[in-house]
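Scroll down for the structure; my scribbles are underneath it.
The values are calculated or read from the model by the stated rules, or taken from the named source; none is laboratory data. Computed from a predicted model, the values in this text were never measured in an experiment. Cβ placement follows ideal geometry from the backbone for every residue including glycine, while neighbour counts extend to all protein chains displayed. Note: areas computed on protein heavy atoms with side chains; ligands, DNA, RNA excluded. Shrake-Rupley method; radii C 1.70, N 1.55, O 1.52, S 1.80 Å.
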Amino acid sequence: MNTFFITTPIYYANGEPHLGHAYTTTVADVLARYHRLMGHDVLFLTGMDEHGQKVELAARERNTSPQDFVDQMALAFRALWERLGISHDDFIRTTEGRHQHVVTEALQRVYDAGEIYSSDYEGWYSVYEEQFFTEKDLVDGKDPIGGREVVQLSEKNYFFKMSAYQEWLIDHIVAHPEFIQPVTRRNEILGFLRQPLGDLCISRPKARVAWGIPLPFDQDYVTYVWFDALLNYVTAAGYLSNEKAYSRWWPASCHLIGKDILTTHCVYWPTMLKAMGLPLPETIMAHGYWLVDAEKMGKSRGNAVEPLDLVESHGVDAFRYYLVREMTVGQDSTFTVESFQARYNGELANDLGNLVNRSIVMAERYVGGRLPVVDPLHPDLDPLRLRAEETASTIAQALPAYDTVAIVEAILSLVREANRFIEAKEPWALAKDETRRSDLETVIYGLGETLRQLALWLAPIMPEKSHAIWNQIGCEGDVANARKDALVWGGLPGGQSVRKMDPLFPKVDLEESATEESTEQTEEQGMAEESTTISFDEFQKLDLRVAIVKTAEKVEGADRLLKLQIDLGSEERQLVAGVAQHYEAESLVGRRIVVVANLEPATIRGVESQGMLLAASADGQLGLLAPDSDLPAGARVS
Ligand code: MSP
C-alpha cells in the first residue's frame, strides 16, 4: 500500500493545549514524516472537537459566543502546531460546513436503515454534572462524581443500535490482531465486550445542550458530541464530497489516540462505520499517558518548569526528540526536567553535536573544507556503511510497529559508530603523514556521508537540526523533501564545501537545573555484585573521564560522604562520593580520578552530585581508579 493516512484525536476546544496534545500530534508528525521519506503518499490529519456542553459552558463563563470561543481556541492549537513544526495536511473543525454536512447525512442514512430509534430514557439526573446515572451508579442516593443531589427524570432520546454489532465486532478484533494496538489495549476491549453491549444514546435535547449539530429527523435535538466528532475522520477523507479522495484515503491507516479514548474509538466508531456500510480503519494505536510530577518540575520550589517551556529554552527539536525518545508508544512515562537535560546533554550535545562539530572542523582543517571525492564502497568505510544499513533496516521494522524508541536508538548507534570510527582512524595522525593522504580523504568522506545519512534519518524527528547538518555538509535543497533513494549509501557526491555553523545543541542552564531529592543514589551505588554482559554499544554510552580534584570536604551528618569539586577540563562539577571512611578529604585534593560524566544528576543527603567517581573495593578495602600518567582533566576513558 502506497498511501498512509494518519489521524490524531480532534482536541476539545474547551481547554488550552498542553503536553498531552503536543505528544500525540508530535508522534503523528514523526510517523507522517517517516512515511513521506519512504516515498508513501501521506495524509496527516488533526483538528478540533468544537461542539458539546463543555464548550458551551466554557464560552458562557467567558461571556462570549461558542463560535467566537472555538475560533480563539483553534488559533491557540494552530499556533502550537506551528511552533512544534507539525506538518499536518488538514486541520478539521467540527463546526465547519463540510463536517456538518457529513454528520447530518450519516445520521439520516443510519436512521433510514432502521438503526436509530427513539425511546424514553429514565434515570437519575444530576443537574450539576448534567449527566444521567442509573440506580446502581448512585452512591448513597447521590451522584457518584461529586455526591450531589439527583432527580428522577424521564427524557425522550435517540439511540443507535450498537448492541446489534457486538458479536461482529468481537469477530473483527479477533481476526485482525493489528486492529487495536498495543495488545494490552486489544485485550482490554475484548474484556469489555464480554459484558453485554448497550445501545448508544446519540442525542441531547436542545433544551439542555444547544451547541451541536441538529438531528436531521428531529430538530429538537442535537447530536451527541462523540457521534459527531468521530465522523471527522471520514469527512476529512472526502466522504460524500470527493469520491476520488475518499477512495484513495479511506480506510485510514492509523488513528493515533491516547488510552483515555479507547472505548469510543474501538467500540462506538467501528459499529458506526459498520452501520454506515463503510470499512474500518486498519489500526487504532493507543499510546500511554505522560505524568508530570509537579515536585520534579520544581513546583514546590516556586520555580516550576512547564514541559512546553522547554521548547523555548532548548529548542523545538530537542523537545520533539525527547517526546519520541523517552516514551515507548503504548506505555506511560514521567516527564522530568532531569531526564530531559540528561538526554539533551548526553545524546544530543555530546554524541551527535560533537560528531557533527568534529567532522566539520576536521574537514576544514585537514582537507581544506572541501569534501573529497572517494569511492563510497572503499573497504575502510565498511563499519560506517554496514552500520548505516543496519540503521535503515531497523527503522524499516520499527516504523510499522510504532516503535519510536527503537528508531531513535538505531540512529544513535550510527552516531556512536561514527564517533568510534574517528577514534580508531585518528585523522589527526593521518593528517601529519603526507603518504597517507588518501586514507585521510577516505575517512573525511566517510564522516561526511555518515552525517548525510544522519540528517536524512533525523529529519522526521528534528526537522531544523537535521537541516542544519545537511547545510553544513554542503547539501542543497531541503532535507525534508528527500525521499527513499537518497538513503542509499554513497549519495554524497563529494566535491562540495562544508559550512561550519554554531553548535547544534548549545549548553543550556535552567536555573534550578537538575536537583532531585528522591533519587535513590546511595553511597554503595556502583558496586554491583552481579555481572551481566552488555553490548559494546551499551558500554559506549558511559562517558568516563579523567578529572582532577580541586577541593574536598565532608558532607555534614553523613559519615561516609565527601563532597568534591572536580575539574573536568571543559567545566567544573560537584560530586558526592562515599569514600570518607577510606580517604581524608584533604588527601584527595590535586589527585586524578576517573568519573562517570554523563550520569543523571542526583541529590544525596541534600547535596547535588553531578556524576560519580569510580573506585574498586574488596574485603572492606577501597581504591580509587586513576590513570597512571598525568593526563589532562577531561581526557576520555575508553
Ligand atoms: N475530543 C476528544 C477526542 C475526539 S476524537 C474523535 C478528546 N479531546 S482531548 O482534548 O481531551 O484530547 C485527548 C487526547 O489528548 C488523548 O487521547 C491524548 O491523545 C492526548 N492527551 C491528553 N492528555 C494526555 C497525557 N497526559 N499524556 C498523553 N496524551 C494525553 O478526548
Report, in whole Å, the centroid distance computed from the Cα atoms of the range 459-504 and the range 194-246. 46 Å
Could you tell me which residue out of VAL139, ALA32, PRO216 lies farthest along the dipole of the chain toward its positive end? Charges go on the beta carbon: Lys and Arg +1, Asp and Glu -1, centred on the Cα centre. ALA32
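Tell me, what are the semi-axes, in whole angstrom and largest first, of the equivalent ellipsoid of the chain as set by the roots of 5 times the Cα gyration tensor eigenvalues? Walk me through the numbers before you get to the answer.
Working: eigenvalues 578, 212, 84 Å².
That gives 54, 33, 21 Å for the three semi-axes.
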Probe 1.4 Å, protein heavy atoms only - accessible area per residue of the range 336-487 in square angstrom: 38 Å²
Mind listing the phi-derived Karplus ³J(HN,Hα) values for the range 205-216, rounded to whole Hz, using 6.51, -1.76 and 1.60 with θ = phi - 60°, and x for any glycine or proline? x, 4, 4, 9, 10, 9, 8, x, 8, x, 5, x
Shape of the range 336-487 from its Cα gyration tensor (a ≥ b ≥ c, root eigenvalues): rounded if a/c is under 1.5, otherwise prolate when a/b > b/c, or oblate? prolate
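Length gain on complete extension for the stretch THR435 to ASP260, per 0.36 nm per residue less the alpha carbon to alpha carbon distance?
On the way: separation 175, 0.36 × 175 = 63.00 nm, distance 6.53 nm.
Extra length available between THR435 and ASP260 comes to 56.5 nm.
Given R₀ = 30 Å, FRET efficiency for ILE170-LYS541 by Cβ-Cβ distance, to 0.05? Working shown, then result.
Values: r = 45 Å, r/R0 = 1.50.
It comes out at approximately 0.10.
Subtract the Cα-Cα distance of GLU409 and GLU135 from 0.36 nm times their separation in residues, and report this length gain in nm to one decimal. Spell out each step's value before the answer.
Numbers: separation 274, 0.36 × 274 = 98.64 nm, distance 5.25 nm.
Extra length from GLU409 to GLU135 when fully extended: 93.4 nm.
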List the aspartates and glutamates whose Cα lies under 13 Å from the Cα of LYS142, skipping any in the same chain that are fewer than 8 positions away. GLU129
Return the aspartates and glutamates within reach of LYS554: Cα separation strictly under 16 angstrom, same-chain partners fewer than 8 residues apart disregarded; answer none if there are no such residues. GLU523, GLU584, GLU586, GLU608
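Please state the relative contact order of the chain as a whole percent: Cα pairs under 8 Å, 6+ residues apart? All intermediate terms of the calculation are to be shown ahead of the outcome.
Working: 1047 pairs, mean separation 69.1, N = 638.
For the chain, the relative contact order is 11 percent.
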From Cα pairs below 8 angstrom and at least 6 apart in sequence, can you work out the relative contact order of the range 534-624, rounded to a whole percent? 27 percent
Magnitude of the Cβ-charge dipole (Lys and Arg +1, Asp and Glu -1) of the chain about the Cα centre, nearest 20 debye, reported as 1380 debye
Give the separation of the Cα centroids, the range 131-150 to the range 15-48, in Å. 39 Å
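Can you classify the range 86-161 as rounded, prolate or oblate using the Cα gyration tensor, where a ≥ b ≥ c are the square roots of its eigenvalues, rounded means a/c under 1.5, and otherwise it's prolate if a/b beats b/c and oblate if not? All intermediate terms of the calculation are to be shown ahead of the outcome.
Details: a/c = 3.54, a/b = 1.62, b/c = 2.19.
Oblate, because a/c is 1.5 or more while a/b does not exceed b/c.
Pairs of alpha-carbon atoms within less than 8 angstrom and 6+ residues apart define the contacts here; what relative contact order does the range 1-138 have, in percent? Working shown, then result.
Working: 144 pairs, mean separation 35.3, N = 138.
Relative CO of the range 1-138 lands at 26 percent.
Rounded, prolate or oblate: which fits the range 176-306 when a ≥ b ≥ c are the square roots of the eigenvalues of the alpha-carbon gyration tensor, with rounded for a/c under 1.5 and prolate only if a/b beats b/c? Intermediate results must be reported in sequence, preceding the final value.
Numbers: a/c = 1.74, a/b = 1.37, b/c = 1.27.
Since a/c reaches 1.5 and a/b is larger than b/c, the shape of the range 176-306 is classed as prolate.
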The range 548-638 pair-distance distribution - Cα-Cα, 10 Å bins, rounded %: 17, 53, 28, 2
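Take peptides 230-238, 541-549, 630-638 and line them up by average Cβ neighbours within 10 Å, highest first, as a rough protection proxy. List each step's numbers first, then the result.
Values: 230-238: 24.1, 541-549: 19.8, 630-638: 13.9.
So the peptides 230-238, 541-549, 630-638, ranked by packing, come out 230-238, 541-549, 630-638.
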How are the alpha carbon pair distances in the range 102-222 distributed across 5 Å bins from zero to the largest one, expressed in percent? 2, 10, 15, 15, 15, 17, 16, 9, 2, 0
Using a Förster distance of 25 angstrom, determine the FRET efficiency expected from the C-beta separation of ASP485 and SER393, and round it to 0.05. 0.90
Could you tell me the distance between the Cα centroids of the range 572-638 and the range 344-387, to the nearest Å? 32 Å
Ignoring ligands, DNA and RNA, what percent of the accessible area of the chain is carbon or sulfur (1.4 Å)? 48 percent
Hydrodynamic radius of the range 324-396 per Kirkwood, over alpha carbon pairs, in Å: 15.6 Å
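In nm, what is the difference between 0.36 nm times the number of residues separating MET38 and ASN2 and their Cα-Cα distance? Don't skip to the answer; put the middle values down first.
Values: separation 36, 0.36 × 36 = 12.96 nm, distance 0.95 nm.
Extra length from MET38 to ASN2 when fully extended: 12.0 nm.
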P(r) of the range 125-180 over all Cα-Cα pairs, binned every 10 Å from zero, in whole percent: 20, 28, 21, 25, 5
Rounded to a whole number, the Stokes-Einstein D of the range 29-141 in µm²/s (Kirkwood radius over Cα pairs; 37 °C; 0.692 mPa s) is 181 µm²/s
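If you take the beta carbon distance between GLU426 and GLU364 as r and set R0 to 25 Å, what does 1/(1 + (r/R0)^6) give as a FRET efficiency, to the nearest 0.05?
On the way: r = 18 Å, r/R0 = 0.70.
Approximately 0.90, to the nearest 0.05.
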Mind ranking 470-480, 111-121 by how tightly packed they are, going by the mean number of other C-beta atoms within 10 angstrom, highest first? 470-480, 111-121
Across the Cα atoms of the range 231-368, what radius of gyration and what greatest pairwise Cα-Cα distance (Dmax) are found, in Å? 22.1, 69
Can you tell me the order of 454-463, 379-388 when each peptide is scored by its average per-residue count of other Cβ atoms within 10 angstrom, highest first? 454-463, 379-388
